[in-house]
Amino acid sequence: MENLIPNEEPLRQEYFMSEVNDIIHAKAIDRGVYPTYKVVTFGCQMNARDSEKLSGILSGIGYIEAETEEDADLVLFNTCTVRENANDRLYGRVGQLKKSKEKNPDMIIGICGCMMQEAEEVEKIKKSYRHVDLVFGTHNIYKLAEILFEHLTTKKQVVNVMESAEMIVEKLPNKREFAFKSGVNITFGCNNFCSYCIVPYVRGRERSRKPEEIIDEIKGLVADGVKEIMLLGQNVNSYGRGLDEEISFATLLDRIAQIDGLERLRFMTPHPKDLSDEVIDVMKKNKKICKHLHLPLQSGSSEILKKMNRVYNKEGYLDLVRRIKAAIPDISLTTDIIVGFPGETERDFLDTLDVVKEVRYDSAFTFIYSKRSGTPAAKMDDQIDPKVIKDRFDRLLKTVQDIAAENTKKNEGKCMPVLVEGKNDHLDGYLSGKLENNLTVHFKGQERLIGEIVDVILDEAKGFYYMGHIKTSEA
Ligand code: 5AD
Ligand code: SF4
């Protein structure tokens, strides 16, 4: 049988999908129902997209999505490891499932993603979590069917973690969370080695997908009803490095914006150190590209930025923001900020507040510095007292919130296009959707509008979101 198994991808995975499908089908006949799965995602947009690929493979081989992890026949935790304490949360949930597995001995539990690229975590599972059946990392999520096949045929715990990525495997199935919007990877991995960040160690070196693969995928998504695409990469600006064809991110963006039927295009994350004038230019001239940039600041202090290995300083960042605002005056800017990096003084923190006040972000993800073992910053002297960090964090949050509230207030009364994302969870008869700048708007409307772009009048700003009503012609 061995020599029947193709070596090339994606043929090899298609082979295993078909093999597992036969097993699942036989089980379904036996039990009278198809088995169910639940993929639980932690972390960033990149993981969310990976989970769609994992769900695509599981649906392709005959599993049906379950409501909760407790009543699923297969549970897969797609993990994040950016912050040190994320691990405790995961193991709590994995431990809980032991009871469910006692009731349903056929239950399969898998853990994959960033945390599994760390050898000590894998050892911990091998030793203390024997009820976990599948362990794999970030570089071989495409091999889910093969790994599952091995478990189903041997009943053993299968651990398959690769040190680095051998290749980018294209054209495997995926199951989108939303019918009308989708993330699309353009690069994988990161070469920046910011000193606090574990990502380069767990996601490996940066690799770019070929432009024709990206464009084909987007054309396929648009043909399938997708209106909004978010291009994904740890540092989208460095797209193209290592490809045979010489192509910059600006050129790729421009080509994608020409795709007929695509209505909104976003990207994240651009690294401020190499956001080029060409990209700003392409954004300015293409109406489909959302006037929104998520531009992680991390710190406003040049001294701290240097220790973070961010390669720009306070003046450089502010200069970039000035150039962006001059080219696209109504651009919306959002950011990530870390408080309490080792050695951060009150003076450094005031520099951060200074930048926040000058840029006037529409929103910001504010993080307390987490001493992530395995990163250079974890070994730095002068870790900051948690009480001092908490005080700075509260002051930063207040500043961010006040500015965001003032910004949103300015748009009160304006009419803006909104991509309707779904029913509002709390208000009966209400829908929720996203503005071009990614802020949320709630308004009355009929469910048939989900997935459409409609004009909404922004009646009342509520800080980070709006209450509005649909312009009458569309209600
Ligand atoms: N501590 C706190 N925040 C971190 N981030 C990455 N690593 C750490 C860490 N060790 C934040 C950065 C990044 C975001 C995705 O997570 O702000 O932009
Ligand atoms: Fe981490 Fe920096 Fe790479 Fe972003 S650019 S993933 S913060 S190392």
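The values are calculated or read from the model by the stated rules, or taken from the named source; none is laboratory data. For clarity, every value in this text was computed on a predicted model and none was experimentally measured. Cβ atoms come from the backbone with ideal geometry, glycine included; neighbour counts cover every protein chain shown. Calculation scope for accessible area: heavy atoms of the full protein, side chains included, ligands and nucleic acids excluded. Shrake-Rupley method; radii C 1.70, N 1.55, O 1.52, S 1.80 Å.
Would you be able to tell me the number of residues in the range 48-68 that are over 17 Å from Ile147 (Cα atoms) and either assigned by the TED database to the domain that holds Val202 or surrounded by 21 or more Cβ atoms within 10 Å (Cβ to Cβ) (or both)? Walk me through how you get there before you give the answer.
Step one: filter the range 48-68 for residues over 17 Å from Ile147 (Cα atoms), giving 48-49, 52, 64-68.
Filter again for either assigned by the TED database to the domain that holds Val202 or surrounded by 21 or more Cβ atoms within 10 Å (Cβ to Cβ) (or both), leaving none.
So the answer is 0.
Just one of (1) within 16 Å of ligand 2 (Cβ to nearest atom); (2) buried (at least 16 other Cβ atoms within 10 Å of the Cβ); (3) of a type outside the set (Phe, Trp, Tyr); (4) over 20 Å from Leu396 (Cα atoms) trips up Thr334, so point out which.
(4) is the only condition that Thr334 fails.
Hey, does the range 365-377 have a residue that's away from ligand 1 (no atom under 16 Å from the Cβ), of a type outside the set (D, E, K, R), out of contact with any helix residue (DSSP H, G or I) (no Cβ under 9 Å at 6 or more places or on another chain) and open to solvent by 30 Å² or more (accessible area, probe 1.4 Å)? It would help to see each step written out before you state the result.
The initial filter retains those residues of the range 365-377 that are away from ligand 1 (no atom under 16 Å from the Cβ), namely none.
No, the range 365-377 has no match at all.
Among the residues that make up the range 365-376, is at least one of them within 16 Å of ligand 2 (Cβ to nearest atom), assigned to a helix (DSSP H, G or I) and outside the structural domain of Gly463 (by the TED database)?
Yes, there is a match, as at least one residue in the range 365-376 is within 16 Å of ligand 2 (Cβ to nearest atom), assigned to a helix (DSSP H, G or I) and outside the structural domain of Gly463 (by the TED database).
It is to be established whether one or more residues within the range 30-42 are within 30 Å of Leu4 (Cβ to Cβ), assigned to a helix (DSSP H, G or I) and more than 26 Å from the chain's Cα centre (by Cα).
For the range 30-42, residues within 30 Å of Leu4 (Cβ to Cβ), assigned to a helix (DSSP H, G or I) and more than 26 Å from the chain's Cα centre (by Cα): present.
Name every residue in the range 337-354 that is away from ligand 1 (no atom under 14 Å from the Cβ) and either on the phi < 0 side of the Ramachandran plot or buried (at least 22 other Cβ atoms within 10 Å of the Cβ) (or both), in order of residue number. Even if it seems obvious, please write down each step before you answer.
So the first thing to find is which residues in the range 337-354 are away from ligand 1 (no atom under 14 Å from the Cβ), and the list is 343, 345-351, 353-354.
Result: Thr345, Glu346, Arg347, Asp348, Phe349, Leu350, Asp351, Leu353, Asp354.
Scan Glu263, Glu206, Glu213 and give me the residue that is free of Cβ contacts under 8 Å to residues at least 60 places away in the same chain and away from ligand 2 (no atom under 16 Å from the Cβ).
Working: Glu263 fails: free of Cβ contacts under 8 Å to residues at least 60 places away in the same chain; Glu206 fails: away from ligand 2 (no atom under 16 Å from the Cβ).
Checking each option against the conditions leaves just Glu213.
When the residues of the range 190-204 are narrowed to those that are surrounded by 21 or more Cβ atoms within 10 Å (Cβ to Cβ) and not hydrophobic (A, V, I, L, M, F, W, C), which ends up nearest to ligand 1 (Cβ to nearest atom)?
The residue in question is Tyr196.
Any idea which of Gln258, Gln234 is within 26 Å of Gly113 (Cβ to Cβ), assigned by the TED database to the domain that holds Leu333 and polar (S, T, N, Q)? Spell out the reasoning first.
Working: Gln258 fails: within 26 Å of Gly113 (Cβ to Cβ).
That would be Gln234, the only listed residue that is within 26 Å of Gly113 (Cβ to Cβ), assigned by the TED database to the domain that holds Leu333 and polar (S, T, N, Q).
Among the residues of the range 98-118, how many are of a type in the set (A, V, I, L, M) and more than 11 Å from Val159 (Cβ to Cβ)?
Initial filter on the range 98-118 (of a type in the set (A, V, I, L, M)): 107-109, 111, 115-116.
When the remaining residues are screened for being more than 11 Å from Val159 (Cβ to Cβ), the result is 107-109, 115.
Residues in the range 98-118 being of a type in the set (A, V, I, L, M) and more than 11 Å from Val159 (Cβ to Cβ): 4 in total.
Just a yes or no: is a residue in the range 237-255 open to solvent by less than 20 Å² (accessible area, probe 1.4 Å), touching a Phe, Trp or Tyr at 6+ places or on another chain (Cβ under 7 Å) and assigned to a loop (DSSP other than H, G, I, E, B)?
yes
Pairs under 6 Å by beta carbon, first residue open to solvent by less than 50 Å² (accessible area, probe 1.4 Å) in the range 402-417, partner outside any helix (DSSP H, G or I) and not hydrophobic (A, V, I, L, M, F, W, C), six or more apart or different chains?
Within 6 Å, the pairs are Ile403/Arg360; Ala404/Asp362; Ala404/Ser363; Ala405/Gly463; Asn407/Asp362.
Looking at the range 24-51 only, could you name the residues that are closer than 18 Å to Ala66 by Cα and among the basic types (Lys, Arg)?
Once the filter is applied, which keeps residues that are closer than 18 Å to Ala66 by Cα and among the basic types (Lys, Arg), the range 24-51 yields Lys27, Arg31, Lys38.
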